[in-house]
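Novice: One structure is given below, represented as structure tokens, and several questions about it will come after.
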Amino acid sequence: MTDDMGTPEDSVVEPERSGLRANLRALYQCTNDFDFTRLFKRGLVIAVLVSVISIISLFTRGLNLGIDFKGGSVWEVPVTDVSVEDARDVMEGVGLGDAKIQLAVNADGTKILRVQADVTEVDASREVTGDLADLAEVPVSDIAVNTVGPSWGDEITRQAQRALVYFFIAITLYISFRLEWKMAVGALVSMAHDLLLSVGVYSILRIEVTPATLISFLTILGYSLYDTIVVFDRALENSSRTVAKTPYRVIMNRTLNQTLMRSVNTTVATILPIISMLIFGALLLGAKTLQEFGLALLVGLTSGAYSSLFVAAPIVSWLKEREPKFAYTGEAPVAMAAAVDGEAPGRPARRGAARRPVTPAAPVGAIPPRPRKTKKRK
Amino acid sequence: MRRKGVLPLVFFVVFTLGTLAWTFIVGNSPVLGLDLQGGVSVVLQPDGPVENEDTLNQAVDIIRNRIDALGVAEPDITRQGETVLVQLPGVENQDRVLEVIGQTAVLSFRPVLQTLPPVGQEVPTTTGAPTTTAGDGATTTTGPGGATTTTAPSTSTTEELGLGAPGALTPGENAAGLQATTTTVAPTTTGAPGTTVPGSTATTVPADGAGAGECAGVEDQARLRQNGVPRGLNDEGVTPSDEVEPCNTVVLAERDEDGNVVTRFVLGPTALTGDALSGASAGLDQSGVTWLVRPTFRGGEDGIDKFNAAAAQCFAAAPTCPTTQLAIVLDDDVISAPQIQTDSFERDQIQISGDFDESSAKDLALVLEYGALPVELVPQQTQTVSATLGEDSLRAGLVAGIIGLGLTVIFMVGYYRLLGVVAVVSLTLEFALVWVLISYLGESRGLALTLAGVTGLIVSIGISVDSNVVFYEHLKEDVRNGRTFRSTVDRSFGSSFTTIIKADLASLIGAFLLYFLSVGPVRGFALLLGISTVVDLIATWFFIRPAVLILARSPRYRNNYAALGMPNVEAGS
């Protein structure tokens, strides 16, 4: 223990001794103090690996683009007793034998015949609609049709790319202005990681990419950024209050501990509705669009939570440690945590502070000392 | 001191509930997008570069007029960049709408040089070969007063038509239509191909013809075969659409409802375009039985004069219009090829008659009135959602949203206890406010709530909860560090709120960019994300802060750390 203020009961070591329950309690009580920096290298390596796999898959397998991107038509026909073979016969009759045909059964027992074919002309598509209506013996108006021209996909891809580039530029400027350019770099790399990972999952599992997927990816970027900014804002606050020369990873580690519960709780609160969307909306009620949204969001949120911790934070630490004030000297980050917490001059440490009523107007010289766990709480 | 902070809270709650009540009283409710209630959506883009903004705006206006004329409720026709988005929620007769929107090509009038049967039905050139069945080919354009004068020797006209235009027109069922409208000036049409009628050349016809004047010498004569039919026809025996130019001689077809070729026409260069028309209406003739279409031309040089120049040539059966028929061409298809019955027309006294029923007459009138789009728009995406599927999606979205909300509520209350309750109340109020805004924008600006928007709302639960979590975790940390709950609320809030603003601003930047740089569903999503982010900021300031302050001052709860879900330092030491 290099922490001269630490005691044997210090929460620094406590969680590792007492197992999961104590860890959780420490989290709930805001006394957690994990050493994230130990995992920085491993975390970054995993992130790089995953990104590389995604890139390889993108180049070799490509993406399973929906008709909105490559042109074509999709029909959704409510059916009672029409088989895939019947539909195949109809499609072969109009020279579309290579159509993709699926029969989906919803939880309430209704069946939907989903036919996808390479028809980009509205007139031709209407003809097929008529044939399918005859087959299923339903009025034409009961059939959902989506026909997309061959060049439309390029158009929306171009739009999305443009939006993405502008978004990255705007965010870089914004973070550089409100926080620091080094943090902008961290945020950008972390967003790029989330995007790559999400696209990679879609490429590897051959999940169809639709405009809904596109929206979800953009949302993911938003969440990831939000997460990263919350962490960085705190890191900035912490570093500005740290007077002594302190390795940046120590500051970052303390920050990550401080913001961990916020990240976890936000992620849980966000993921609950999304899981509900997937399970109840998509699986039980068969709303395909909800499934498209939900899947990408789930992947992206998980990735976003990971990258805030193990991509954005290490990169910023590494960049900041090139400044003399924050250079890394070799100490264990957790052991040095007190430097971030309580080395402000003239500040009474620990228990004394716990009882002392502090007015909001109190000089904000430093982050108040992290209280040490009492023996009674064990 | 006690009252500090209560005022904004009361104001916010009263404002939210008040606007909510107002929304219900006025009867505003969110306008459902077509993916939630069924309908038709068409994305159109110009074919080739657009020269100026005005032409696109004009095109949007024309489409809007067409849709309005169809009587669609709450159509949403917007221009986003160079893209035109047509959304028609709740439309049931989808085919008809697609047809009317689909007819976006430039309308033109071309003289008929020859009439040909469909490929595979060629017959020897005999008189009156009964190769056609549809009526439009036999339509007749009648002159002034045509509607009132129905005493024409119609049978002779019909026969003459049969004689005069080899293989073109069928007597019989069409005769009725002709009878009703043929005028006294009619039976002068004896023109076989290439025949001029000397007596009819009274009106001065420019030697080079009306429209052909601009095209003189342009056409490569090598394109034509000996019999005057252009080369390079496709399988259907018509000129491929990419070779249809205003100055070429082309073969175009008239089609029946299923798109099959009924008659083919060899057409001369475009005589005039739809620009010359100012309007058109459909109506019954005097007898009240037959449907007519009455186009109205603009006055002067660019309107009726052009038409009359072409009409005079056709009436005279000049070489540029030997059949006396002037075809109305839309989207490379012949809509109708009426026979010209007089050489000069008043601009508002023209009738097109034929085998129309009410629907086809009105459709032709619509096409004539709004057909002349200044730019050709190509449908890029056409989506039809059935009403039942839309309802299912809406139900799925609602069920998923409610369950998701329930889970979040359980989690927040379970973890943060009383503070969690504050979060849930705040979430409810925020939702009410977003509902008010969506309803208001739906009624006033036509903003439709799509499935993408519903997803945006479900997702915004997370954003809203996050503001609470950032604040509460800060509170807990400060309390853990020895401050009392009461003393730290303001300090924690100040620090958390700057963080929330920084993060929310990033979200807003994203939403703003997405809104202006994208089209369709992404746009709706971005708007809702933006709205809920702003509402969240407002609620955080005006509700969460004062509500937590009140809790902190409450003698009952301010020290009840367990009920607040906080680490209890006092008890622990």
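Novice: Inspect the stretch A:225-242 for any residue being away from every other protein chain (no Cβ under 14 Å), within 30 Å of residue B:495 (Cβ to Cβ), assigned to a loop (DSSP other than H, G, I, E, B) and in contact (Cβ under 8 Å) with a residue 24 or more places away in the chain and give the result as yes or no. Explain how you work it out, then say what you get.
Specialist: Let us first name the residues in the stretch A:225-242 that are away from every other protein chain (no Cβ under 14 Å), namely A:239, A:242.
Now narrow it down to the ones that are within 30 Å of residue B:495 (Cβ to Cβ): A:239, A:242.
Within this subset, residues satisfying the condition of being assigned to a loop (DSSP other than H, G, I, E, B) are A:242.
Applying the additional criterion that residues be in contact (Cβ under 8 Å) with a residue 24 or more places away in the chain yields A:242.
So far as the stretch A:225-242 goes, yes, one or more of its residues are away from every other protein chain (no Cβ under 14 Å), within 30 Å of residue B:495 (Cβ to Cβ), assigned to a loop (DSSP other than H, G, I, E, B) and in contact (Cβ under 8 Å) with a residue 24 or more places away in the chain.
Novice: More than 18 Å from the chain's Cα centre (by Cα), more than 7 Å from every other protein chain (Cβ to nearest Cβ), closer than 19 Å to residue B:500 by Cα and not charged (D, E, K, R), is that true of residue A:184?
Specialist: So residue A:184 does not fit the description; no.
Novice: Would it be correct to say that residue B:498 is surrounded by fewer than 24 Cβ atoms within 10 Å (Cβ to Cβ), within 7 Å of another protein chain (Cβ to nearest Cβ) and over 28 Å from residue B:397 (Cα atoms)?
Specialist: No.
Novice: Now a separate question. Go through (1) in a loop (DSSP other than H, G, I, E, B); (2) more than 30 Å from residue B:325 (Cα to Cα); (3) modelled with pLDDT of 75 or more; (4) not charged (D, E, K, R) one by one and return the number of the condition residue B:118 breaks.
Specialist: (2)
Novice: Scan the stretch A:151-174 for residues that are aromatic (Phe, Trp, Tyr) and facing another protein chain (nearest Cβ under 8 Å) and jot them down.
Specialist: Within the stretch A:151-174, A:152, A:166, A:167, A:174 qualify.
Novice: For the stretch A:192-219, what are the residues that are buried (at least 23 other Cβ atoms within 10 Å of the Cβ) and without any contact (Cβ under 8 Å) to a residue 60 or more places away in the chain?
Specialist: A:214, A:218
Novice: Of the residues B:491, B:523, which is out of contact with any Cys (no Cβ under 7 Å at 6 or more places or on another chain), among the basic types (Lys, Arg) and modelled with pLDDT of 85 or more?
Specialist: B:491
Novice: Further question: Search the stretch B:419-434 for residues being buried (at least 19 other Cβ atoms within 10 Å of the Cβ) and more than 12 Å from chain A (Cβ to nearest Cβ), and hand back the single one that is farthest from the chain's Cα centre (by Cα).
Specialist: B:422
Novice: If you check residue A:97 against the conditions, is it more than 11 Å from residue A:74 (Cα to Cα), more than 11 Å from chain B (Cβ to nearest Cβ) and modelled with pLDDT of 80 or more?
Specialist: In short, no.
Novice: Related question: Count, please, the residues in the stretch B:341-385 that happen to be at the interface with chain A (Cβ under 7 Å from one of its Cβ atoms) and at pLDDT below 75.
Specialist: The qualifying residues number 2.
Novice: I would also like to ask the following. Taking the condition among the β-branched types (Val, Ile, Thr) and within 14 Å of residue B:406 (Cβ to Cβ), does residue A:275 pass?
Specialist: yes
Novice: While we're looking at this one, here's another question. Just one of B:443, B:473 is charged (D, E, K, R), more than 13 Å from every other protein chain (Cβ to nearest Cβ) and assigned to a helix (DSSP H, G or I); which is it?
Specialist: Details: B:473 fails: more than 13 Å from every other protein chain (Cβ to nearest Cβ).
The match here is B:443.
Novice: State whether one or more residues within the stretch A:81-104 are surrounded by fewer than 15 Cβ atoms within 10 Å (Cβ to Cβ) and touching a residue at least 60 places away in the same chain (Cβ under 8 Å).
Specialist: Looking through the stretch A:81-104, at least one residue is surrounded by fewer than 15 Cβ atoms within 10 Å (Cβ to Cβ) and touching a residue at least 60 places away in the same chain (Cβ under 8 Å).
Novice: Still on this structure: (1) under 18 Å from residue B:465 (Cβ atoms); (2) of a type outside the set (Asp, Glu); (3) surrounded by 22 or more Cβ atoms within 10 Å (Cβ to Cβ): which one isn't true of residue A:311, the others all being true?
Specialist: Among (1) under 18 Å from residue B:465 (Cβ atoms); (2) of a type outside the set (Asp, Glu); (3) surrounded by 22 or more Cβ atoms within 10 Å (Cβ to Cβ), residue A:311 violates only (1).
Novice: Here's something else I'd like to know. Tell me, which strands (runs of 3 or more DSSP E) lie completely within the stretch B:238-305 with 1 or more residues that are touching a residue at least 24 places away in the same chain (Cβ under 8 Å) and among the charged types (D, E, K, R)?
Specialist: By residue number, B:250-255, B:261-267, B:291-297.
Novice: Condition first: more than 31 Å from the chain's Cα centre (by Cα), free of Cβ contacts under 8 Å to residues at least 24 places away in the same chain and at the interface with chain A (Cβ under 8 Å from one of its Cβ atoms). Now tell me which residues in the stretch B:396-405 satisfy that.
Specialist: Once the filter is applied, which keeps residues that are more than 31 Å from the chain's Cα centre (by Cα), free of Cβ contacts under 8 Å to residues at least 24 places away in the same chain and at the interface with chain A (Cβ under 8 Å from one of its Cβ atoms), the stretch B:396-405 yields B:399, B:403.
Novice: Now a separate question. Residues in the stretch B:489-497: is at least one among the charged types (D, E, K, R), within 25 Å of residue A:188 (Cα to Cα) and over 33 Å from the mean Cα position of the chain (by Cα)?
Specialist: No, because not a single residue in the stretch B:489-497 is among the charged types (D, E, K, R), within 25 Å of residue A:188 (Cα to Cα) and over 33 Å from the mean Cα position of the chain (by Cα).
Novice: Run residue B:456 past the list (1) more than 9 Å from chain A (Cβ to nearest Cβ); (2) in contact with a Phe, Trp or Tyr (Cβ under 7 Å, 6 or more places away or on another chain); (3) within 30 Å of residue A:191 (Cα to Cα) and report the number of the one that doesn't hold.
Specialist: (1)
Novice: Can you tell me which of A:326, A:310 is modelled with pLDDT under 85, in contact with a helix residue (DSSP H, G or I) (Cβ under 7 Å, 6 or more places away or on another chain) and more than 9 Å from chain B (Cβ to nearest Cβ)?
Specialist: Only one candidate qualifies: A:326.
Novice: Follow-up. Would you please name the residue that is surrounded by the fewest Cβ atoms within 10 Å (Cβ to Cβ), looking only at residues in the stretch A:127-150 that are at the interface with chain B (Cβ under 7 Å from one of its Cβ atoms) and in contact (Cβ under 8 Å) with a residue 12 or more places away in the chain?
Specialist: A:142
This table checks each residue for (1) surrounded by 23 or more Cβ atoms within 10 Å (Cβ to Cβ); (2) at pLDDT 80 or above.
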| site | (1), (2) |
| --- | --- |
| B:440 | no, yes |
| B:443 | no, yes |
| B:451 | yes, no |
| B:456 | yes, no |
| B:459 | yes, no |
| B:467 | yes, yes |
| B:477 | yes, yes |
| B:480 | no, yes |
| B:487 | no, yes |
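Novice: Consider residue B:557 against the criteria (1) closer than 20 Å to residue A:257 by Cα; (2) surrounded by fewer than 19 Cβ atoms within 10 Å (Cβ to Cβ); (3) of a type in the set (Ser, Thr, Tyr): it satisfies all of them except one. Which criterion is unmet?
Specialist: Here residue B:557 clears every test but (1).
Novice: Does the stretch B:81-92 contain at least one residue that is closer than 27 Å to residue B:513 by Cα, at pLDDT 70 or above and part of a loop (DSSP other than H, G, I, E, B)?
Specialist: yes
Novice: Does residue B:296 qualify as being assigned by TED's automatic domain parsing to the domain that holds residue B:358, of a type in the set (S, T, N, Q), farther than 22 Å from residue B:355 by Cα and modelled with pLDDT of 80 or more? Give the steps one after another, and end with the answer.
Specialist: Details: assigned by TED's automatic domain parsing to the domain that holds residue B:358: yes; of a type in the set (S, T, N, Q): yes; farther than 22 Å from residue B:355 by Cα: no; modelled with pLDDT of 80 or more: yes.
Answer is no for this residue.
Novice: If I ask for residues that are β-branched (Val, Ile, Thr) and assigned to a helix (DSSP H, G or I), which ones from the stretch A:243-265 would you list?
Specialist: Answer for the stretch A:243-265, where residues must be β-branched (Val, Ile, Thr) and assigned to a helix (DSSP H, G or I): A:250, A:251, A:255, A:259, A:264.
Novice: With respect to the numbered conditions (1) touching a residue at least 12 places away in the same chain (Cβ under 8 Å); (2) within 30 Å of residue B:27 (Cα to Cα), which one is the sole condition not fulfilled by residue B:392?
Specialist: (1)
The values are calculated or read from the model by the stated rules, or taken from the named source; none is laboratory data. Being a predicted model, the structure only gives us computed values, none of them experimental. Every residue, glycine among them, receives a Cβ derived from its backbone with ideal geometry; neighbour counts consider all protein chains shown.
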